[in-house]
Amino acid sequence: DQQVKQNSPSLSVQEGRISILNCDYTNSMFDYFLWYKKYPAEGPTFLISISSIKDKNEDGRFTVFLNKSAKHLSLHIVPSQPGDSAVYFCAASTTGANSKLTFGKGITLSVRP
Amino acid sequence: EAGVVQSPRYKIIEKKQPVAFWCNPISGHNTLYWYLQNLGQGPELLIRYENEEAVDDSQLPKDRFSAERLKGVDSTLKIQPAELGDSAVYLCASSRGPSWAEQFFGPGTRLTVL
């Protein structure tokens, strides 16, 4: 049973426009969420995170929004750039002693020049 | 700061053969993780080490998989014997802080079992 779901396998956007990547989770105990970016033949790279005590976290062109009641988070990239083309993984965790990251399947983002 | 180093990057073996993967974490990172990533899936945790102690190996298939982290620095993951279904990318990650926070991943080893 997938506890972290990224239902759209791919997204294509025009350079300069907004990219919105969605993620849903089912485990209400999750209280920390992360986004990772992965280029081909490389390992995932941490992008941005958010704690459940917040509903928004911003870092440059990247903003993550968290809706706890809907168990939904989204990553906004504005403006999108061709170099943002990659696979984006959503991950979630509890913050207890034996926590671990649970990843979604990933979304492939293509930014067209 | 050097990143997480893994070797080999690619490995092709026949089924029933043994295989080993090596990982050197970022200096000073006490926590080391091994993940399995199947095609089209996200990484799944196999084992987590705090220094030299395996604190979470609940997802490690112990009949054929083993891991060690002698001296609490680099680590080796072994499969013996390998099966066709083991074909995947094996990722190593490390962190300084808690396991729910940012982890730093290596490039992975892509294993193909024929």
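FRET efficiency for the pair A:HIS76 and A:SER110, taken as 1/(1 + (r/R0)^6) with r the Cβ-Cβ distance and R0 = 22 Å, rounds to 0.85. Reported to the nearest whole Å, the Cα centre-to-centre distance from the stretch A:17-31 to the stretch A:49-97 is 7.
Residues B:VAL73, A:VAL4, ranked from the fewest to the most other C-beta atoms within 10 Å, line up as B:VAL73, A:VAL4. Its Cα gyration tensor gives the stretch A:58-113 an equivalent ellipsoid, and the semi-axes of that ellipsoid, as √(5λ) in whole Å with the largest first, are 25, 14, 10.
Within a straight-line Cα-Cα reach of under 28 Å, A:LYS56 can be paired with the following lysines, leaving aside sequence neighbours fewer than 8 residues apart in one chain: A:LYS5, A:LYS37, A:LYS38, A:LYS68, A:LYS71, A:LYS100, A:LYS105.
Each of the trypsin sites (Lys or Arg not before Pro) that DSSP puts in a loop and that has at most 15 other Cβ atoms within 10 Å breaks chain B; the longest unbroken stretch is B:17-61. Rg and Dmax over the alpha-carbon atoms of the stretch B:1-66 stand at 13.2, 38 Å. In plain terms, if you count all Cα to Cα distances in the protein assembly as shown and split them into 5 Å steps from zero, the share in each step is 1, 7, 14, 18, 18, 16, 12, 8, 4, 1, 0 percent.
Across all directions, the shadow cast by the convex hull of chain A built on its C-alpha atoms averages 7.1 square nanometres. Seen from every direction in turn and averaged, the convex hull around the alpha carbons of chain B projects onto 6.6 nm².
Throughout, read-outs are computed from the coordinates displayed, never taken from laboratory work. Worth saying up front: this structure is predicted, and the values here are computed from it rather than measured. Because the Cβ atoms are built from the backbone with ideal geometry, glycine has one as well, and the counts that use them run over all protein chains shown.
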